[in-house]
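The values are calculated or read from the model by the stated rules, or taken from the named source; none is laboratory data. All of these numbers come straight from a predicted model, not from anything done at the bench. Don't worry about glycine lacking a Cβ; one is built from the backbone with ideal geometry, like all the others, and counts go over all protein chains shown.
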Amino acid sequence: MVISGKELATEMKRQMAERVKELEGKYGRVPHLVVVLVGDDPGSVSYVTGKAKAAGELGMKSSTILKPSTISEEELLGIIEGLNRDREVDGILVQLPLPSHIDADKVIAAISKDKDVDGFHPLNVAALWLKQPCLLPCTPHGIIRILKHMGVEMAGKRAVVIGRSNIVGLPVAKLLLDENATVTIAHSKTKDLGSVTREADILVVAIGRPKFVTADMVKPGAVVIDVGVNRDPETGKLCGDVDFAACEPVSGMITKVPGGVGPMTITCLLENTLECFERNMAGK
Ligand code: NAP
């Protein structure tokens, strides 16, 4: 069965659009997301455009601050400071990657933790690991939402996550652990990766290598979540980290790229923006 993240995202967005309308009636304004884009990397421009468009579709306000890649770290930190103070800004997102002369960790830490819609601020990361309320990182949260929506039982199941990045691999492993799965994290130094992945009832793949996971690495009937966004070197089309055509018949459920995890990432970003707005307006 092919899991459509797009369908779930559409339903969640419909419900959020209604909530935005209600809140506009109550507070006289709508949630405001500000995206800061440094440079003109085509991939980043396309992500930022997608986020702004999705916010607009929900009736939210979105602004994009475009800055050349020559901007100094100090100037960028000054912009963030201004956005932190602005009561009419609810969510702040700095599109990554940043140019090498800017310390991305410093920039993320400068964003108010209460406006950190990406969930990357160190205090939000700490809260996630301490199981305290926080803004959850969007892609990992989207994956858990997909699994719950599909009725996938996680408690007691063997979950394997390939990839240990701060934005996907590590947090999704923690969220799976919170759902009482037994979690293994694999990475580039893992020996005999196939023997590890074949144990997985739930396999989450976040590597960044086109069609890396082959059918022989998948346990029959497993749920396969493909996070990768790559260009297929043969066709030039978007593809995931999983060889979809080969793995789909072996799997029990599988996401596709595009149309799987990606739409849920944006939806969870908008959900975080709405949450920040509600807390901001309630003065919490
Ligand atoms: P990343 O920071 O580059 O991390 C990649 C991880 O994969 C690392 O932990 C690395 O291991 C591991 N890895 C690389 N080669 C491997 C191999 N041959 N065998 C096993 N593990 C290997 O990437 P990321 O930011 O997590 O992103 C991963 C993919 O997800 C990318 O394609 C990205 O575009 C995509 N993505 C999609 C969304 C979405 O919304 N759909 C959101 C975020 C990211 P080491 O730690 O040992 O180096």
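The residues listed here are Val250, Val183, Val223; of these, the one that is modelled with pLDDT of 95 or more, farther than 18 Å from Glu153 by Cα and surrounded by 16 or more Cβ atoms within 10 Å (Cβ to Cβ) is Val250. Taken together, Pro263, Pro258 contain a single residue that is in a helix (DSSP H, G or I) and within 21 Å of the chain's Cα centre (by Cα), which is Pro263. Taking residues in the range 105-129 that are closer than 19 Å to Arg87 by Cα, and partners anywhere that are surrounded by 23 or more Cβ atoms within 10 Å (Cβ to Cβ) and among the hydroxyl-bearing types (Ser, Thr, Tyr), the pairs with Cβ atoms closer than 8 Å and at least 6 places apart or on different chains are Val117/Thr273.
Do you know which of the residues in the range 224-255 that are part of a strand (DSSP E or B) and without any contact (Cβ under 8 Å) to a residue 40 or more places away in the chain is nearest to the ligand (Cβ to nearest atom)? Per the criteria, the residue is Asn230. So Gln15 fits all but one of (1) in the same structural domain as Leu98 (by TED's automatic domain parsing); (2) over 21 Å from Leu96 (Cα atoms); (3) surrounded by fewer than 16 Cβ atoms within 10 Å (Cβ to Cβ); what number is the exception? The single condition Gln15 does not satisfy is (1). Per the conditions (1) assigned to a loop (DSSP other than H, G, I, E, B); (2) more than 16 Å from the ligand (Cβ to nearest atom), the sole criterion not satisfied by Glu278 is (1).
Within the range 84-97, is even one residue more than 16 Å from the ligand (Cβ to nearest atom), at pLDDT 95 or above, touching a Cys at 6+ places or on another chain (Cβ under 8 Å) and assigned by TED's automatic domain parsing to the domain that holds Leu37? Yes, the range 84-97 contains a residue that is more than 16 Å from the ligand (Cβ to nearest atom), at pLDDT 95 or above, touching a Cys at 6+ places or on another chain (Cβ under 8 Å) and assigned by TED's automatic domain parsing to the domain that holds Leu37.
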